[in-house]
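Reading through the structure tokens given below for one structure.
The values are calculated or read from the model by the stated rules, or taken from the named source; none is laboratory data. These numbers come from a predicted model, not from an experiment. Ideal geometry is used to build each Cβ from the backbone, glycine not excepted, and the neighbour counts take in all protein chains shown.
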């Protein structure tokens, strides 16, 4: 059975290549649901015009599909609520020199 902590650990290995911080610590992941091997991820990007959108989403799918028991990955990209730096973890803020 696939568990949320497995998904979140794997998402921490997915990076925004422009910012060099993982998408979890950046606060881009809004929700993760798992049912019968199907993983639904609700997320945002730092900007609706993010040029790395395709790369990030493909990286997520590729890595999540490697988890035993995952059959399908659905990513819902949303911009409400909009992302802001306040969503970042202290780890990401330190890494980016914001603390």
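Here 66, 33 are screened, and the one residue that is within 15 Å of the chain's Cα centre (by Cα) and closer than 25 Å to residue 2 by Cα is 33.
Tell me yes or no: at least one residue of region 4-18 is part of a helix (DSSP H, G or I) and under 17 Å from residue 95 (Cβ atoms). The answer is yes; a qualifying residue exists. The conditions of being touching a strand residue (DSSP E or B) at 6+ places or on another chain (Cβ under 9 Å), in contact (Cβ under 8 Å) with a residue 40 or more places away in the chain and on the phi < 0 side of the Ramachandran plot are not met by residue 34. The residues in region 19-50 that are part of a loop (DSSP other than H, G, I, E, B), under 15 Å from residue 95 (Cβ atoms) and in contact with a helix residue (DSSP H, G or I) (Cβ under 7 Å, 6 or more places away or on another chain) can be counted, and the count is 5.
Taking the listed residues 46, 10, the one that is modelled with pLDDT under 95 and under 15 Å from the mean Cα position of the chain (by Cα) is 46, with no other qualifying.
Select from region 25-44 the residues that are surrounded by fewer than 20 Cβ atoms within 10 Å (Cβ to Cβ) and within 21 Å of residue 85 (Cβ to Cβ) and list them in ascending order.
27, 30, 31, 42
Just to be sure I understand, how many residues within region 57-89 are within 20 Å of residue 34 (Cβ to Cβ) and either part of a loop (DSSP other than H, G, I, E, B) or in contact with a strand residue (DSSP E or B) (Cβ under 7 Å, 6 or more places away or on another chain) (or both)? Counting residues in region 57-89 that are within 20 Å of residue 34 (Cβ to Cβ) and either part of a loop (DSSP other than H, G, I, E, B) or in contact with a strand residue (DSSP E or B) (Cβ under 7 Å, 6 or more places away or on another chain) (or both) gives 18. Summed over region 51-63, residues that are surrounded by 10 or more Cβ atoms within 10 Å (Cβ to Cβ) and either free of Cβ contacts under 8 Å to residues at least 12 places away in the same chain or touching a helix residue (DSSP H, G or I) at 6+ places or on another chain (Cβ under 6 Å) (or both) total 3.
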